Amino acid sequence: MPSSKPSDAKLRLIVESYQRLTGKPLIPAVPSDTDELRSALWEAPRAIVAHGTEADPIFFYGNRLALQLFEMSEVEFARLPSRLSAEPMTQETRVKLLEKVTQQGYVDNYSGMRIAKSGRRFMITDTTVWNLLDETGIYHGQAAVFVPGA
């Protein structure tokens with residue numbers, strides 16, 4: 001498990017906002033215990049990432065699979081503006097996707113090319129991107145869950 005940790009509230013927000021918007025569970029059973037929740041997200045079989053609301057949003061969470069795909073430590077990933085996860089030529093497509101998510105709440109079945117720290121390109125598929133909205137509807141950023149493509 002990583003040593004620097006996003007707040008428990010942010011982890012719950014990732015899970016609960018996904019359930020609220022999509023009607024589906026992000027993880028099979030949401031544990032009430034914080035350590036169990038942290039472990040379930042960290043070990044999930046799909047990559048999970050989330051960024052905040054900064055002018056140039058920065059990732060605040062990436063699970064084990066996401067960090068492996070992006071070839072970064074948790075500390076490196078938590079400094080990465082999310083726009084830099086896509087190649088420059090695909091950033092416009094990514095911006096349009098995020099605008100659609102902002103308007104609709106979430107988008108699923110997205111696929112796109114991403115870039116690792118080494119410059120290696122990889123496809124993400126079966127992607128759902130959603131707004132991180134708390135129970136009162138306040139916006140806290142966006143998150144995504146995906147599988148690496150072939």
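Read the figures in this text as sums done on the coordinates, not as results from a lab. Please read all numbers here as calculations on a predicted model, not as lab measurements. Counting neighbours? That spans all protein chains shown, and the Cβs are built from the backbone with ideal geometry, glycine included.
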Just the number: Rg to Rh for segment 8-148, Cα atoms, Kirkwood Rh, two decimals. 0.93
Projected onto the charge dipole of the chain (+1 at Lys/Arg Cβ, -1 at Asp/Glu Cβ, origin at the Cα centre), which of VAL145, SER73, ILE115 gives the Cα projection farthest towards the positive end? ILE115
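Under the Kirkwood approximation for Rh and a Cα-based Rg, what ratio Rg/Rh is obtained for segment 18-65?
On the way: Rg = 12.1 Å, Rh = 12.0 Å.
Expressed as Rg/Rh, it is 1.01.
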In sequence order, what are the phi-derived ³J(HN,Hα) couplings for segment 129-138 according to the Karplus relation 6.51 cos²θ - 1.76 cosθ + 1.60 with θ = phi - 60°, rounded to whole Hz, with x for glycine and proline? 10, 9, 6, 8, 10, 7, 5, 9, x, 6
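Length gain on complete extension for the stretch LYS117 to GLN104, per 0.36 nm per residue less the alpha carbon to alpha carbon distance? Could you put the intermediate results ahead of the total?
Working: separation 13, 0.36 × 13 = 4.68 nm, distance 3.09 nm.
Contour length minus Cα-Cα distance gives 1.6 nm.
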Neighbouring Cβ atoms within 10 Å as the yardstick, rank ARG64, ARG121 fewest first. ARG121, ARG64
Taking 0.36 nm per residue of sequence separation and subtracting the Cα-Cα distance, how much length would be gained by fully extending the chain between GLU92 and ASP56, in nm to one decimal? 11.5 nm
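Hey, what number do you get for the chain at 222 nm if only DSSP H runs of n ≥ 4 count, each worth -39500 (n - 2.57), divided across all residues, to the nearest 500? Each step should come with its number before you reach the end.
Details: 5 runs with 49 residues, N = 150.
Value at 222 nm, helices only: -9500 deg cm²/dmol.
Just rank LYS10, LYS96, LYS117, fewest to most, by other beta-carbon atoms within 10 angstrom.
Values: LYS10 17, LYS96 10, LYS117 13.
With the fewest neighbours first, LYS10, LYS96, LYS117 line up as LYS96, LYS117, LYS10.
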